[in-house]
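Read-outs throughout are calculated quantities, based only on the coordinates presented, and are distinct from any laboratory measurement. Values in this document were obtained by computation on a predicted structure and should not be read as measured data. Heads up, the Cβs are rebuilt from the backbone with ideal geometry, glycines too, and the neighbour counts pull from every protein chain shown.
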Ligand code: ZN
């Protein structure tokens, strides 16, 4: 009986240690952005603003409409946008922002693909709708980027 008790006691002791370690985890600092990363993000942001400028050229081209140059713009100057947005999101952002940013980047590209397709079919209403959406999603992506 004595032996049984001591085994039980040691099991309880282990259990208590387990409980204590679960209940009060050692405080860890929440992940934060280093000044270097914030600097990289800010220069990346200026790059994105240049992309945004090019993107607004779609407005006039869709209005004309100049479908050939709508497609040229999407495949040319805006062609690197998807790669850049996902690469920078993965490289620079912390997990929480990264997930949302990657989802937004996918949205941006979905709308650009829709505009491209609409241009091919000379479908003005669809091109128009997606142009409004792509700018909105792009700006929401920019808002997800942390600022110093
Ligand atoms: Zn959207």
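Yes or no: segment 106-118 includes at least one residue that is at positive phi and loosely packed, with under 15 Cβ neighbours inside 10 Å.
The answer is no; no qualifying residue exists.
In segment 120-148, what residues are closer than 19 Å to residue 90 by Cβ and assigned to a helix (DSSP H, G or I)?
137, 138, 140, 141, 142, 143, 144
Of all the residues that make up segment 94-114, how many are more than 8 Å from the chain's Cα centre (by Cα), part of a helix (DSSP H, G or I) and away from the ligand (no atom under 15 Å from the Cβ)?
Of the residues in segment 94-114, 2 are more than 8 Å from the chain's Cα centre (by Cα), part of a helix (DSSP H, G or I) and away from the ligand (no atom under 15 Å from the Cβ).
Filter segment 62-93 down to the residues that are crowded, with 17+ Cβ neighbours inside 10 Å, part of a loop (DSSP other than H, G, I, E, B) and without any contact (Cβ under 8 Å) to a residue 60 or more places away in the chain, then identify the one that is farthest from the chain's Cα centre (by Cα).
Filtering first and then ranking leaves 78.
Regarding residue 117, is this residue closer than 15 Å to residue 81 by Cα and either in a helix (DSSP H, G or I) or near the ligand (Cβ under 10 Å from one of its atoms) (or both)?
Taking the combined requirement at face value, the residue does not satisfy it.
Scan segment 120-148 for residues that are over 16 Å from residue 58 (Cα atoms), away from the ligand (no atom under 11 Å from the Cβ) and crowded, with 18+ Cβ neighbours inside 10 Å and jot them down.
Result: 144, 145.
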